[in-house]
Structure formats: structure tokens, C-alpha cells
Amino acid sequence: MRIILASSSPRRKELMRLITDNFTVISAAVDEKTPEDIPAEDQPQYLADIKAEAGAKICPDDVVIGCDTMVIFDGRVLGKPVDMKQCRQYIRMLSGKCHKVITGCAIKFGSIKRKFSVCTEVYFHELDDNEIEEYISSDEPYDKAGGYGIQGKGSLLTEKICGDYFNVVGLPVSKLNIELRKLLNDINKGDLL
């Protein structure tokens, strides 16, 4: 039995190493569109569940972890910006305000599934046009939800956070570690078999 991280994100892979070095990464292609009736705050959990299920089809005898992280502002999901114009809109929108970063996680082993979400509030400084233009002119924002990376130059935009920093990077390390250990302990004791 292996631990499988069903994610192609290099940031998640790096963070997963804080929990264990004994895991395998697979990329499970899924349709990341969510039904319109699912509120923004519930969408990361919905997608994490789909990713865990897809990973479990590839690796049915293993513990599979699916994750999805979203930036949510005023009930609206801010995905990866498609271009500089959209990135500028995102950063301007977030300037001087608080937004949520929610990561949904699903851990699947056979018929057992543990699901949870972690929410971190991120507060941006009031940014002037020069700061925004300087940031969006870098290569950093374009492969990241919300158009910024808190682990890089995006940290300069951030005034404070309330919650798990690693959640904003893409993996709620502490909560995932607790839930994964509980599941593995139950498996080792035979409680789930």
C-alpha cells in the first residue's frame, strides 16, 4: 500500500514532503468544472473528491489524496488569470481587502473516504498602480489561483493572514497530516479492513 498524491502541482509535492517522503505523485486528469448550484466555498471540496476518486481508479489498492485550492473574493472564485489584463483586475480587486483561500482535501482508501476543507483569510495591503504593474509583469502570477503566489513575490502584497499559511500555498499540511495519520493508524489496526 502506497500513499498517492493525485496532483501535478509542484508546490503540493514540495509541501507533501513535510508530512512524508514516502509517497508517489500521479496526475489524474479530471473535468474541473463544478455544477452551478455548488457554492464557491464548497467547490474546492467537490473537486478534491473528484481528484481522489480519479486517482483511486488508477491506484485502487493505495491511499489516495486529492486536493484543490481556490481563491474566493466576495463569493466569486478567482482562478488562474488567463492574461495580464485579468491578473491586473484580480490584484486590483484584492488590494486593501480580505479574501479567502480554501483548500479541499479528500483521502480515499478502498470504500473509506475522509474529506475536509481548510480556510485561510488573506489580507492585502492597499496597493498602488506601480506595485500592481511590477507584480503582474513578473512570471509568477499566471499559474496561480487568484493571480498571486504568497510563497514568492506575492508575499509583498500581503499584509497578514489568519489561518494556515501552507493552505494558501496549496496544501493544509497540519490538518492533512492529522487526518492521514488517523486513517493510516486505523488501517494498521485493522479497524477499516
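The values are calculated or read from the model by the stated rules, or taken from the named source; none is laboratory data. Source: prediction; values computed, not measured. Because the Cβ atoms are built from the backbone with ideal geometry, glycine has one as well, and the counts that use them run over all protein chains shown. Remember, those area values only see protein heavy atoms, side chains included, never the ligands or the DNA or RNA. Shrake-Rupley method; radii C 1.70, N 1.55, O 1.52, S 1.80 Å.
It is to be established whether one or more residues within the range 155-163 are open to solvent by 10 Å² or more (accessible area, probe 1.4 Å), of a type in the set (Val, Ile, Thr) and either within 26 Å of residue 4 (Cα to Cα) or assigned to a loop (DSSP other than H, G, I, E, B) (or both). The answer is no, given that none of the residues of the range 155-163 is open to solvent by 10 Å² or more (accessible area, probe 1.4 Å), of a type in the set (Val, Ile, Thr) and either within 26 Å of residue 4 (Cα to Cα) or assigned to a loop (DSSP other than H, G, I, E, B) (or both). Counting only residues that are surrounded by fewer than 17 Cβ atoms within 10 Å (Cβ to Cβ) and within 12 Å of residue 105 (Cα to Cα), the range 20-45 holds 1 of them. Among the residues of the range 21-31 satisfying the criterion of being within 17 Å of residue 58 (Cβ to Cβ) and assigned to a loop (DSSP other than H, G, I, E, B), which is modelled with the highest pLDDT? My answer is 23.
Evaluation of residue 11 against the conditions (1) at pLDDT 95 or above; (2) touching a helix residue (DSSP H, G or I) at 6+ places or on another chain (Cβ under 6 Å) shows that the sole unmet condition is (1). In the range 84-109, the residue that is nearest to residue 186 (Cα to Cα) out of those that are under 19 Å from the mean Cα position of the chain (by Cα) and open to solvent by 40 Å² or more (accessible area, probe 1.4 Å) is 100. Cβ separations smaller than 9 Å between residues 6+ apart or across chains give no pair from the range 130-145 residues that are more than 12 Å from residue 88 (Cα to Cα) to residues that are surrounded by fewer than 16 Cβ atoms within 10 Å (Cβ to Cβ) and hydroxyl-bearing (Ser, Thr, Tyr). Residues that are of a type in the set (A, V, I, L, M) and open to solvent by 80 Å² or more (accessible area, probe 1.4 Å) within the range 1-19 comprise 1, 18, listed in sequence order.
Kindly indicate the residue of the range 48-69 that is touching a Lys or Arg at 6+ places or on another chain (Cβ under 9 Å) and charged (D, E, K, R) and also surrounded by the most Cβ atoms within 10 Å (Cβ to Cβ) among those meeting that condition.
So the first thing to find is which residues in the range 48-69 are touching a Lys or Arg at 6+ places or on another chain (Cβ under 9 Å), and the list is 48-49, 52-53, 55-56, 59, 61-69.
From the residues that got through so far, the ones that are charged (D, E, K, R) too are 49, 53, 61-62, 68.
Details: 49: 18, 53: 17, 61: 9, 62: 19, 68: 26.
Filtering the range 48-69 for residues that are touching a Lys or Arg at 6+ places or on another chain (Cβ under 9 Å) and charged (D, E, K, R), the one surrounded by the most Cβ atoms within 10 Å (Cβ to Cβ) comes out as 68.
Just one of the listed residues (132, 112, 72) is in contact with a strand residue (DSSP E or B) (Cβ under 8 Å, 6 or more places away or on another chain) and either open to solvent by 60 Å² or more (accessible area, probe 1.4 Å) or of a type outside the set (S, T, N, Q) (or both), namely 72.
Taking every residue in the range 4-20 that is over 24 Å from residue 57 (Cβ atoms) and touching a residue at least 24 places away in the same chain (Cβ under 8 Å) and pairing it with any residue that is surrounded by 13 or more Cβ atoms within 10 Å (Cβ to Cβ) and among the aliphatic types (A, V, I, L, M), at least 6 positions away or on another chain, the pairs with Cβ-Cβ distances below 8 Å are 11/169; 11/171; 15/169; 15/171; 15/173; 18/173.
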